[in-house]
1. Which whole-angstrom value gives the distance between the alpha carbon centres of region 12-89 and region 134-160?
2. Is region 44-87 rounded, prolate or oblate when judged by the Cα gyration tensor, a ≥ b ≥ c being the square roots of its eigenvalues, rounded requiring a/c under 1.5 and prolate requiring a/b larger than b/c?
3. Would you please classify the overall shape of region 5-93 from the alpha carbon gyration tensor, given that a ≥ b ≥ c denote the square roots of the eigenvalues, rounded means a/c under 1.5, and beyond that prolate means a/b larger than b/c while oblate covers the rest?
4. For a footprinting-style exposure proxy, rank 147, 70 by other Cβ within 10 Å, fewest first.
5. So if R0 is 22 Å, what FRET efficiency would residue 62 and residue 31 give, r being the distance between their Cβ atoms, rounded to the nearest 0.05?
6. Helix 40-50 sits at what angle to the longest principal axis of the chain, using alpha carbons and giving 0 to 90 degrees rounded to 10?
7. Between residue 5 and residue 158, what is the label-to-label distance in nm when each label sits 7 Å out along the Cα-to-Cβ direction?
8. Using the count of nearby Cβ atoms within 10 Å as a rough guide to exposure, how do 67, 55, 201 rank from fewest to most?
């Protein structure tokens, strides 16, 4: 338990900081309108056309900051605040999702890898830890079952590692989408001066949540590794 707390508390603290940073930055720049008076949906549509994307509809998704691009259905979904408002925060978030659409359109390698990892990552995150603890229980309860328990635990560790790999791949994919958004804003003059800086700050804050998720996943994996091989030595 102590080992778990040592490994997991720092990433948890960072995640809390990231969430606070996202909320405060978004709140600040959601009150500032862009000089063109266009909405997030307008900006997204304009930038997709500019990048030769004409087959991706823009839909509304319920919630706040639930915006995402769905590569399996080729749909860009924006929350009401982002889709319908003219804030620089809305523009930044909308164009980040356009960045993902452009990644898909240009067959960006890391995005393709992330999409391929989705099924394995889902299985790994849901079943991996169960197999790990089942294997550990077998290792502790019976010496005769120790080797079999180790095999079960290792299978779980491999599955969980795929979920961790997904978070590792996600990080550069998200940063790349944000950089594409910044490039679109800068080169088209969609946002200028402090508007651009505000949208960029929103993107930087949002990126921290992906860093936090990656740190949590890696810490969890390290905990499982130490648990399995520590139990093996004992």
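1. Centre-to-centre (Cα) distance: 45 Å.
2. The shape class here is oblate.
3. Oblate shape, in that a/c is at least 1.5 and b/c is the bigger or equal ratio.
4. Final ranking by Cβ density, sparse to dense: 147, 70.
5. 0.45
6. Taking the Cα atoms of the chain, the angle to 40-50 is about 90 degrees.
7. Going by the 7 Å Cα→Cβ label model, 3.5 nm.
8. 55, 201, 67
Here, each number is a calculation from the coordinates, and none is a lab measurement. All figures in this text were calculated on a predicted structure; none of them were measured in a lab. Neighbour counts run over all protein chains shown; Cβ positions are idealised from the backbone, glycine included.
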